[in-house]
Amino acid sequence: MHIEVVTLFPALVATASRVGVTGRAVERGQVTVGTVNPRDYAQDVHGTVDDRPYGGGPGMVMKIEPCRTAIRAAKAKLPEGSPSIYLAADGVPFTQAKAAELAKVPGMLLLAGRYEGVDERLLEMEISDRISIGDYVLSGGELPALVLIDAVLRLLPGVLGDAESAAQDSFSAGLLDWPHYTRPEGFEGHAVPPVLLGGDHAAIRRWRLKQALGRTWTLRPELLESRDLSAEERRLLDEYKADLGNTQGSSR
Ligand code: 9WO
């Protein structure tokens, strides 16, 4: 997969792309991450890439021309049909399902805006998707772009270096994670759940699924509405609710 990020801060993207999951994937040749800086395509000696908004008001807007030339340069390095994505708070919410969809594409362009945003006409002409990683406004689209890259690369075969990790992700896809523990077994009176120490992998799997279902039901019940629970999952969730009732009953 080849990714091109159009950004005024290429160093931010390049540095982050050299560490962690992304860094390993790049080292292994499973992905390449390039950057294109609109400032390199500015039409004046000052490298101007922004201007005052029509209609007045605070802030500045990124100009069409340098961004479009940068986008065209980036697209020239990408396979035909690569999506061109603008990261913005008012985009379509980014989900694990969207990450899985993007993990199948041969390449993608990510446009990271700055200032108050980008001239709308550029987005209409050059952008196929607008994606948000959450309902908050940052200083720019670079960190959201890095979030998207990380979530997508984790799903590429072999990137995690542990097929089972990806399988577990898919196993609990659509659910919140189960709790994790490591040594020491006991810490200030807090013990590790015994099932995790016994080596019964079937029991461990059931426990983890039950915890994931229970946590999802407690914290993000709407995620369960779109999930067709299996008989086993329904039973485990009922068990979780019963356990909770018993615990709350005993603490009253
Ligand atoms: C800047 C600004 C300055 C003065 C007055 C109003 C203003 N609004 C903004 C603004 O919203 N800037 C954005 C910064 C423009 C697009 C790129 N930036 C951005 C992307 N912030 N947050 C995101 C983002 C992207 C994806 N998911 C969540 C947030």
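Taking only segment 1-13 into account, find how many residues are under 17 Å from the mean Cα position of the chain (by Cα) and crowded, with 23+ Cβ neighbours inside 10 Å.
Residues meeting the conditions: 4.
I need the full set of residues from segment 117-126 which are loosely packed, with under 15 Cβ neighbours inside 10 Å and near the ligand (Cβ under 7 Å from one of its atoms), in order please.
Residues satisfying the conditions do not exist here.
For segment 48-132, which fully contained helices (runs of 4 or more DSSP H) count at least 2 residues that are under 21 Å from Thr32 (Cα atoms)?
Qualifying helices (runs of 4 or more DSSP H): 64-75, 96-102.
Sort through Ala74, Ala89 and tell me the only one that's within 19 Å of Val5 (Cα to Cα), in the same structural domain as Glu116 (by TED's automatic domain parsing) and either surrounded by 16 or more Cβ atoms within 10 Å (Cβ to Cβ) or of a type in the set (Val, Ile, Thr) (or both).
Answer to the check: Ala74.
Looking at segment 60-69, can you tell me whether even one residue there is of a type outside the set (Val, Ile, Thr) and near the ligand (Cβ under 9 Å from one of its atoms)?
yes
Take the residues in segment 14-23 that are of a type in the set (A, V, I, L, M) and within 15 Å of the chain's Cα centre (by Cα); name whichever of them is nearest to Pro66 (Cα to Cα).
Ala16
When you go through Leu213, Leu176, Leu219, Leu197 one by one, which is the residue that is over 28 Å from Leu155 (Cα atoms), outside the structural domain of Leu155 (by TED's automatic domain parsing) and touching a residue at least 12 places away in the same chain (Cβ under 8 Å)?
Leu197
Filtering segment 14-47 down to residues that are in a loop (DSSP other than H, G, I, E, B) and closer than 16 Å to Leu153 by Cβ, which residue is nearest to the ligand (Cβ to nearest atom)?
Within segment 14-47, the match that is nearest to the ligand (Cβ to nearest atom) is Ser17.
Considering each residue of segment 43-67, count those that are surrounded by 13 or more Cβ atoms within 10 Å (Cβ to Cβ), touching a helix residue (DSSP H, G or I) at 6+ places or on another chain (Cβ under 7 Å) and more than 19 Å from Glu142 (Cβ to Cβ), and give that number.
Selection size over segment 43-67: 1.
Could you tell me how many of the residues in segment 222-240 are closer than 19 Å to Trp207 by Cα, surrounded by fewer than 11 Cβ atoms within 10 Å (Cβ to Cβ) and under 22 Å from the mean Cα position of the chain (by Cα)?
0
Within segment 52-67, can one find any residue that is under 27 Å from Gly158 (Cβ atoms) and without any contact (Cβ under 8 Å) to a residue 24 or more places away in the chain?
no
For segment 140-156, does any single residue satisfy the condition of being within 14 Å of the ligand (Cβ to nearest atom), over 27 Å from Arg24 (Cβ atoms), of a type in the set (Val, Ile, Thr) and touching a residue at least 40 places away in the same chain (Cβ under 8 Å)?
No, every residue in segment 140-156 fails to be within 14 Å of the ligand (Cβ to nearest atom), over 27 Å from Arg24 (Cβ atoms), of a type in the set (Val, Ile, Thr) and touching a residue at least 40 places away in the same chain (Cβ under 8 Å).
Show the residue pairs meeting these rules: Cβ distance below 6 Å; 6+ apart or different chains; first residue within segment 127-139 and within 6 Å of the ligand (Cβ to nearest atom); second residue part of a loop (DSSP other than H, G, I, E, B).
Final answer for the pair search is Ile133/Phe94.
The values are calculated or read from the model by the stated rules, or taken from the named source; none is laboratory data. For clarity, every value in this text was computed on a predicted model and none was experimentally measured. Because the Cβ atoms are built from the backbone with ideal geometry, glycine has one as well, and the counts that use them run over all protein chains shown.
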